[in-house]
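Working notes, beginning with the structure itself.
The values are calculated or read from the model by the stated rules, or taken from the named source; none is laboratory data. Keep in mind that this is a model prediction, so the values were computed, not measured. Reconstructed Cβ throughout: ideal geometry from the backbone, glycine too, with neighbour counts over all protein chains shown.
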Amino acid sequence: MPIRVDFSAELKHWISHNLARGCAPGMVVDGMKAQGFENHVAEGLVAAFVQANARGAALPDGSVVLDGRPVEAAYQPDPGRLKPGNLVRAEGVDIDVLMRLQRPSIAVLGNVLSPDECAAVIALGAPRLAPSTVVDPASGADLAAPHRSSDGMFFTLCENDAIARIDRRVSALMGWPLAHGEGLQLLRYRPGCASSPHHDFLVPQNPANRASIARSGQRVSTLVMYLNDVPAGGATVFPGLGLHVTPRRGNAVHFEYANQAGQLDHALLHAGAPVEHGEKWVLTKWMRERPFVAAKG
């Protein structure tokens, strides 16, 4: 039987803030239950916010009518886009599969880039580096990233012969059309720099993310390529899985986190551990559901 539940502005902010920063809905429900909310009320309230976010609609305000629907079905992965086997051939390059995890979908890969390609990418991008920014969940504005102490830049898709070779190779490797890829992002982490736990999918909480999803669809997969050996620290860490991927030149980590039903895999929360010695250079490719269209202006 439908019931009406009234809630405060403070609770609205708490739920929306935690969903916006990538917390799984079930974690938000558990947090509410720890504060004394009944299970069906916590699940129903969080479900209302999740459903509003998915539609790009206004968030509930003041009250909701609960109809008993569950907060979120368990994530069901689509068949992986990365080809099976111990070796994957992509645009004439043999890439080693060093480790593969089925659920969630992660693979550590070797020989994705050659030493010469790693050096060339750094040389091309280094003069264009600027302090990294992120999209603010509340306003949609680009702000200096408090959780990512790095310098970065974006190449445009296939902007020269060297970048085009890499774009074509990683598109074949990731199993998505070339046009679905965002431009490659180059990042440099100096000693002591890191990135805090985050998701790569776009949370449709602000106008910038909703507009990006409307243009190009959700992000569906990531390939992080390491351009140098890091003497100490700098691992890509999946805290919920206890997995640390050591940065080694030419290697990469690939993960998939969105399915055709519109579900998102919150298990792929990840971070960059602090660089203890030396620098860390990475090149990242994100794939979208549809051909990527950059924002104008």
Scan region 204-238 residue by residue and report those that are under 14 Å from the mean Cα position of the chain (by Cα) and in a loop (DSSP other than H, G, I, E, B). Pro204, Gly217, Gln218
Ile166 - would you say it is more than 22 Å from the chain's Cα centre (by Cα), among the β-branched types (Val, Ile, Thr), at pLDDT 95 or above and farther than 26 Å from His17 by Cα? no
Pairs with Cβ under 6 Å, 6+ apart, first in region 199-223 and of a type in the set (Gly, Ala, Ser), second surrounded by fewer than 19 Cβ atoms within 10 Å (Cβ to Cβ) and at pLDDT 95 or above: Ser216/Arg290; Ser216/Val293; Gly217/Glu289; Gly217/Arg290
With the condition kept exactly as written, say whether any residue in region 268-280 is part of a loop (DSSP other than H, G, I, E, B) and farther than 20 Å from Asp151 by Cα. yes
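For (1) under 28 Å from Lys83 (Cα atoms); (2) modelled with pLDDT under 95; (3) among the aliphatic types (A, V, I, L, M), each residue gets a yes or a no:
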residue	(1), (2), (3)
His147	no, yes, no
Gly152	no, no, no
Ala162	yes, no, yes
Gln185	yes, no, no
His198	yes, yes, no
Leu227	yes, no, yes
Gly233	no, no, no
Leu241	yes, yes, yes
Val245	yes, no, yes
